[in-house]
Amino acid sequence: MEQISPQREKELLDLETKLATSFSNKNILNQSLTHSSYGHEKQIPDNERLEFLGDAILKLVISEYIFHKFPEKAEGDLTKIRAVVISDDTLAKVGGRLLLGSYLLMSENERKTGGVRRKSNLANTFEALIGAVFIDAGLGKSREMIISFLAEAIEKFSRAGYISDFKSALQEYAQKKKWELPRYNVVKETGLKHRRVFWVEVKIRGRRYGLGRGRNKKEAEQRAAMQGLRRVQKEKKKPRPGIGKFISSVRKKINL
């Protein structure tokens, strides 16, 4: 591990203030902010293992929290709420508010290509921070941090309207047009084993109407369905008034 410079110590202290926590081991905090590109260049540990740990802790904490918070909701609804809360989109927004990109150590090439603002970097770094807090201070402290940053999102996505989705909307549209139901297929998988990215296509009447990517199949299917709805709109000679607003409203509801 590289020696932490006085300037870097100031940066870490600033982030600790934002996180409302203080690390006993500053090296583990610094590692959680080390992108793989920088770790490879400097031959030091990066944050990918911490991200793996943080992802598992995040799922556990959110699952336990919403299980007790919403005793009236069925398993399916709890699954949908959790999926949106722990999605890259939601975590990247948290990372953006914390300006995690400005604290992230990365290669010059990664920085030049937009690494500071890249959604995956922000989401992955937040998960790595969760893993670092767990190692440094235990589950209680990591749970406290998770809930403090995601409680608002949980409230938002638990409302009845936010449990709707693009897949249902596309299926309803196909049924109204008396088309065959949309078919979803995984076309490829990329990334490391613990960071898989799925690419899913949606076909209607034998034609591809959308291609989506996500950290799991469900998320990729939602994005493919969203593209499908957009294509339906473009193909119509006279788009039905309001369909654009409809797509936008559904997108906002599930945060895609």
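The values are calculated or read from the model by the stated rules, or taken from the named source; none is laboratory data. Predicted, not measured: the structure shown is a model, and the values here were computed from it. Cβ: placed from backbone, ideal geometry, glycine included. Neighbour counts: every protein chain shown.
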Reported set for the range 113-146 where residues are among the charged types (D, E, K, R) and either at pLDDT 95 or above or under 14 Å from Ile57 (Cα atoms) (or both) is Glu127, Asp136, Lys141, Arg143, Glu144
Hey, can you tell me all the residues within the range 9-43 that are closer than 21 Å to Lys112 by Cβ and surrounded by 15 or more Cβ atoms within 10 Å (Cβ to Cβ)?
-> Glu11, Leu33, Thr34, His35, Ser36, Ser37, Tyr38, Gly39, Glu41
Scope the range 16-57; condition without any contact (Cβ under 8 Å) to a residue 60 or more places away in the chain, of a type outside the set (D, E, K, R) and not in a helix (DSSP H, G or I); matching residues | Ser22, Gln43, Ile44, Pro45
Could you tell me whether any residue of the range 161-170 is surrounded by 15 or more Cβ atoms within 10 Å (Cβ to Cβ), over 18 Å from Gln227 (Cα atoms) and either in contact with a strand residue (DSSP E or B) (Cβ under 7 Å, 6 or more places away or on another chain) or at pLDDT 90 or above (or both)?
-> no
Could you tell me whether any residue of the range 4-15 is in contact (Cβ under 8 Å) with a residue 60 or more places away in the chain and under 22 Å from the mean Cα position of the chain (by Cα)?
-> yes
Of the listed residues (Leu105, Leu100), the one being modelled with pLDDT of 95 or more and under 28 Å from Lys217 (Cα atoms) is Leu100
Filtering the range 45-70 down to residues that are small (Gly, Ala, Ser) and surrounded by 18 or more Cβ atoms within 10 Å (Cβ to Cβ) yields Gly54
Evaluation of Asp89 against (1) out of contact with any Leu (no Cβ under 7 Å at 6 or more places or on another chain); (2) within 21 Å of Gly214 (Cβ to Cβ); (3) surrounded by fewer than 22 Cβ atoms within 10 Å (Cβ to Cβ) (one fails), failing number = (1)
Out of contact with any Pro (no Cβ under 7 Å at 6 or more places or on another chain), part of a helix (DSSP H, G or I) and at pLDDT below 90 - does that describe any residue in the range 201-213?
-> no
